[in-house]
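**Student:** This is the structure, below, for whatever I ask next.
The values are calculated or read from the model by the stated rules, or taken from the named source; none is laboratory data. The model shown is predicted, which means the values in this text are computed figures rather than measured ones. Here the Cβ positions follow ideal geometry from the backbone for every residue, glycine too, while neighbour counts run over all protein chains shown. Note: accessible area is taken over every heavy atom of the protein model, side chains too, but ligands, DNA and RNA are not part of it. Shrake-Rupley method; radii C 1.70, N 1.55, O 1.52, S 1.80 Å.
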Amino acid sequence: LYNISPEKEKTIRALCEKLSVRAVAVPRSRHGCTIGQALRGEGADRPAKRPFGEEMLVLQLPGILLDFFLQGLQREGTEVALKAAVTPTNVSWTADALVRELHRERQEFLQNAVKK
């Protein structure tokens, strides 16, 4: 959980509890750690080189649990701007690098949608 408001965090944690998964809130002081370090609770404080304010969920869930989680967010009406699944590639990225990539992908998607 990156930059998640307290109200949304409460909803997300309740959903995680129902699915028996752990939620980790990553403080801004650790946004420069890699995704893997944040998930494991490793590494020292390291602020992001390019701070970001968007809410972001980084999910490490198997397919069916990921589906249930996303459906639960939708059912609760809990919007989160950026969502990403942990991959072998992005696990070594910092959160700010992942945010930049998600922005790039969104922009590419929107440009392709306009072309159609």
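**Student:** Name the one entry in Leu70, Leu102, Leu57 that is modelled with pLDDT of 95 or more, touching a strand residue (DSSP E or B) at 6+ places or on another chain (Cβ under 7 Å) and part of a helix (DSSP H, G or I). Walk me through it before giving the result.
**Tutor:** Numbers: Leu70 fails: touching a strand residue (DSSP E or B) at 6+ places or on another chain (Cβ under 7 Å); Leu57 fails: part of a helix (DSSP H, G or I).
Result: Leu102 is the single residue among Leu70, Leu102, Leu57 that is modelled with pLDDT of 95 or more, touching a strand residue (DSSP E or B) at 6+ places or on another chain (Cβ under 7 Å) and part of a helix (DSSP H, G or I).
**Student:** May I pose another question? Quickly run through the stretch 71-116 and pick out the residues that are among the charged types (D, E, K, R) and within 17 Å of Glu55 (Cα to Cα). Can you show your working first?
**Tutor:** Step one: of the stretch 71-116, the residues among the charged types (D, E, K, R) are 75-76, 79, 83, 96, 100-101, 104-106, 108, 115-116.
Across the stretch 71-116, the qualifying residues are Glu76, Glu79, Lys83, Asp96, Arg100, Glu101, Arg104, Glu105, Arg106.
**Student:** Let me ask something else. Looking at this structure, is Lys8 touching a residue at least 60 places away in the same chain (Cβ under 8 Å), open to solvent by 50 Å² or more (accessible area, probe 1.4 Å), out of contact with any helix residue (DSSP H, G or I) (no Cβ under 6 Å at 6 or more places or on another chain) and more than 17 Å from Arg100 (Cα to Cα)?
**Tutor:** Numbers: touching a residue at least 60 places away in the same chain (Cβ under 8 Å): yes; open to solvent by 50 Å² or more (accessible area, probe 1.4 Å): yes; out of contact with any helix residue (DSSP H, G or I) (no Cβ under 6 Å at 6 or more places or on another chain): yes; more than 17 Å from Arg100 (Cα to Cα): yes.
Yes; evaluated as a whole, the condition is true for this residue.
**Student:** Mind counting the residues in the stretch 11-50 that are free of Cβ contacts under 8 Å to residues at least 40 places away in the same chain and of a type in the set (S, T, N, Q)?
**Tutor:** Total satisfying the criteria: 3.
**Student:** Collect the residues in the stretch 78-99 that are part of a helix (DSSP H, G or I) and either under 18 Å from Ile4 (Cβ atoms) or aliphatic (A, V, I, L, M) (or both), keeping them in residue-number order. Show your work before the answer.
**Tutor:** Filtering the stretch 78-99 down to residues part of a helix (DSSP H, G or I) leaves 90-92, 95-99.
Correct list: Val91, Ala95, Asp96, Ala97, Leu98, Val99.
**Student:** From Arg22, Arg13, Arg75, grab the single residue that is out of contact with any Ser or Thr (no Cβ under 8 Å at 6 or more places or on another chain) and assigned to a loop (DSSP other than H, G, I, E, B).
**Tutor:** Going through Arg22, Arg13, Arg75 in turn, just one is out of contact with any Ser or Thr (no Cβ under 8 Å at 6 or more places or on another chain) and assigned to a loop (DSSP other than H, G, I, E, B): Arg22.
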